[in-house]
Amino acid sequence: MRVAASQLPLPTTTPARRRRRASAPPTAAPRPPPRALAAILRSRVIACLRAQDSETALQAAHAAVHGGITVLEVVMTTPGVLEVIEDLCRSYPSLTFGVGTVLNAADARKAICAGAQFLMSPGTVLDILHDLKESNVLYIPGVLTSTEVLSACSAGAKVVKVS
């Protein structure tokens, strides 16, 4: 519609005076996007790490960071995931770390307490989405269909993961 409107011919006469609209009441400034979203957009890659134990996860994560990865997700099913996230956040405070396969609000809270800057799920978990609405932690729900994309965005998702 915008493209079509921009190609309409311009009026040749000056339009009649328009009524002045009453100015809208001031609204609160929109919240800036979470820092993790900016990091993801800069990086253009989210490396995903799944390991059989926390020591392997930690070694792999350090190797990934040394290889240039700046945004790393460690899946919740990795044993010791919260300790891995805590260690990574302490060791590399300028990088972005998150937890994936977060399936409920309780695990989301634990991941955030460990330092996760973003959370990912294989589907849209509305409890997590609503809990993080006013948070600086980014929630990335998984979607598959256009209906799921629209539902997640309508519920407040800033970005989605197509599963």
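Here, each number is a calculation from the coordinates, and none is a lab measurement. Here the structure is a predicted model, which means the values were calculated and not measured. All Cβ positions, glycine included, derive from the backbone under ideal geometry; neighbour counts span all protein chains shown.
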Check: Each residue of segment 129-140 in turn: what ³J(HN,Hα) in whole Hz from Karplus with 6.51, -1.76, 1.60 and θ = phi - 60°, glycine and Pro shown as x?
Finding: 4, 6, 4, 9, 4, 9, 9, 8, 8, 8, 10, 10
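If Lys and Arg each add +1 and Asp and Glu each add -1, what is the summed charge of the other residues whose beta carbon sits under 11 Å from the beta carbon of residue 48? Spell out each step's value before the answer.
Values: positive: 50, 161; negative: 73.
Result for the local shell: +1.
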Notebook entry, point to check: What are the residues whose amide H is under 5 Å from the amide H of residue 120, where those residues sit 5 or more places off or on another chain and H is modelled from the backbone?
Noted result: 99, 100, 101, 102, 140
Checklist line | Karplus-derived 3J(HN,Hα), 6.51/-1.76/1.60, for each residue of segment 108-124, Hz, glycine and proline x | finding: 4, 4, 4, 5, 5, 4, 6, x, 4, 9, 8, 10, 10, 9, x, x, 8
Checklist line | Distance in nm between pseudo-label sites at residue 91 and residue 63 (7 Å out along the Cβ direction from Cα) | finding: 1.2 nm
Notebook entry, point to check: Amide H of residue 143: which non-local residues (sequence gap of 5 or more, or other chain) have their own amide H closer than 5 Å, using H built in the peptide plane?
Noted result: 161, 162, 163
Check: Whose amide H sits under 5 Å from the amide H of residue 48, counting only residues 5 or more places off or on another chain, with H placed in the peptide plane?
Finding: 73
